[in-house]
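Working notes for the structure below.
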Amino acid sequence: MTMSRSRLLGNSRREPVLAVLIIVATPAFLAGREKTDVVIMKNGDHITCEIKSLENGVLYLNPSYVLASYGVDWNEVERVESKQSFTVTLTNGARVSGTIEKVAAKEEGAADFKIVSASGPVAVKSDDISLVQQVEKGFWNQQTGAINAGVSYTQGNNSAQFSVAGNTDYRKEKYTLHLDGSAVLSSQAKTATARYTLNSTYNRFISGPWYTGTILNLLRSDQQELRLRASLGEGLGRDLLRTNRTYLTAIAGGVFTTEFYNPEVGVKPHTREAEGVLGTTFSLYRFTNTQILNQTYFYPNFSTWGRVRVSTNTSLMFEIARNLKWYFTVYENFDSEPPINAPRNDFGVTTSLGWTF
């Protein structure tokens, strides 16, 4: 183990819909870099291409003779050569930027992946690589994301549902910025309900698996008589498990929450609360193109003792063809003591088709 490695390894309903669409309307087709990278597979295939990224154990490539990038199993890659710059995230949370090279290991367990950074070369095992992403100039070139939409209709009870959701991530060596939003519109007979969400997290990496996180959550739920709930706070987070196909992280801190409920006789519809926050994010990917993602947040209330809120969202994603995905999502918001006479739960299920970029 080199010294370099040891340092690294230690009130209008249209407005929310428009907001969601603006968030996810990120350019998906951007000018790529030169296609001069070389990837050699263990079966002897030799591919000259542009290396896009390594995520969830899949190396994404874009040769000049194909219309879109495709993925190959990282475990089946023998060699990689590139003079382009990448940011490499290791399984222990350390991050380093530079050119990359993968060679055949001289012996079992030996380092076979080299990152040449400004401070010198760093040699690690390919199993220590969790994420590889391009380093490019410009804001849009560093973004990845997805958008999906679904529609359902039942004639028997004359019910219909429309859902749209999207997310985008901006990643740098020292921090990440995540933004996601969703809208679910439901109707049955002459009754219509809506649910809108907007969430943002800014994570600043401290050392290894540790980071600080800024959290912003917005929610409107007709089911819970909630016109708006806005939470803003800060926390300290740590990656608990990180491999090239599994990820588990947790964050703990505090938030200030403002709530606006529908008016009710004798009840104040506007509240301000101080809450704690404990959140977890879990992601599991299989090369069969299936991914499970869960985000759960607990909010114990410091202003109203005994009140607890829970927000959870679980998605199953299946890749149909390249960037085309099918999503099955279950969400729930629970409030143990709503300040007005309103339902404690807001539960729903959506299915949709989506596109990743």
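The values are calculated or read from the model by the stated rules, or taken from the named source; none is laboratory data. None of the values given here were measured: they were computed from a predicted structure. Every residue, glycine as well, gets a Cβ built from its backbone with ideal geometry; the counts of neighbours run over all protein chains shown.
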Which one is farthest from Thr201 (Cα to Cα) among residues in the stretch 233-260 that are in contact with a strand residue (DSSP E or B) (Cβ under 6 Å, 6 or more places away or on another chain) and among the hydroxyl-bearing types (Ser, Thr, Tyr)?
Thr246
What are the residues in the stretch 174-214 that are part of a strand (DSSP E or B) and either of a type in the set (Lys, Arg) or not assigned by TED's automatic domain parsing to the domain that holds Ser159 (or both), if any?
Arg195, Arg204
Among what's in the stretch 251-270 and is in contact with a Lys or Arg (Cβ under 6 Å, 6 or more places away or on another chain) and under 23 Å from Thr296 (Cβ atoms), pick the residue that is surrounded by the fewest Cβ atoms within 10 Å (Cβ to Cβ).
Thr258
For the stretch 33-52 the number of residues that are crowded, with 19+ Cβ neighbours inside 10 Å and either at pLDDT below 90 or among the hydroxyl-bearing types (Ser, Thr, Tyr) (or both) is 1
Exclusive hit being within 26 Å of Thr212 (Cα to Cα) and not in a loop (DSSP other than H, G, I, E, B), set Phe328, Phe282, Phe347
Phe282
Residue list for the stretch 305-348, restricted to those being more than 22 Å from Leu216 (Cβ to Cβ), more than 19 Å from the chain's Cα centre (by Cα) and of a type in the set (Val, Ile, Thr)
Ile320, Ile340
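Residues checked against (1) surrounded by fewer than 16 Cβ atoms within 10 Å (Cβ to Cβ); (2) modelled with pLDDT of 90 or more; (3) closer than 27 Å to Phe162 by Cα:
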position: Leu284; (1), (2), (3): yes, yes, no
position: Thr288; (1), (2), (3): yes, no, no
position: Phe302; (1), (2), (3): yes, yes, no
position: Leu324; (1), (2), (3): yes, no, yes
Positions within the stretch 297-311 being of a type outside the set (Val, Ile, Thr) and in a strand (DSSP E or B), in sequence order:
Tyr297, Phe298, Tyr299, Pro300, Asn301, Arg309, Ser311
Residue by residue through the stretch 153-176, note down the ones that are surrounded by 14 or more Cβ atoms within 10 Å (Cβ to Cβ) and small (Gly, Ala, Ser).
Ser159, Ala160, Ser163, Ala165, Gly166
Any chance Ile292 is modelled with pLDDT under 90, in a strand (DSSP E or B), closer than 26 Å to Asn75 by Cα and not acidic (Asp, Glu)
no
Of Asn158, Asn217, which residue is outside the structural domain of Ser53 (by TED's automatic domain parsing), in contact with a strand residue (DSSP E or B) (Cβ under 6 Å, 6 or more places away or on another chain) and not hydrophobic (A, V, I, L, M, F, W, C)?
Asn217
Across the stretch 106-123, which residue is farthest from Glu55 (Cα to Cα) among those that are aliphatic (A, V, I, L, M) and touching a Lys or Arg at 6+ places or on another chain (Cβ under 8 Å)?
Ala110
Test: residue in the stretch 241-251 that is touching a Pro at 6+ places or on another chain (Cβ under 9 Å), at pLDDT below 95 and not β-branched (Val, Ile, Thr)
yes
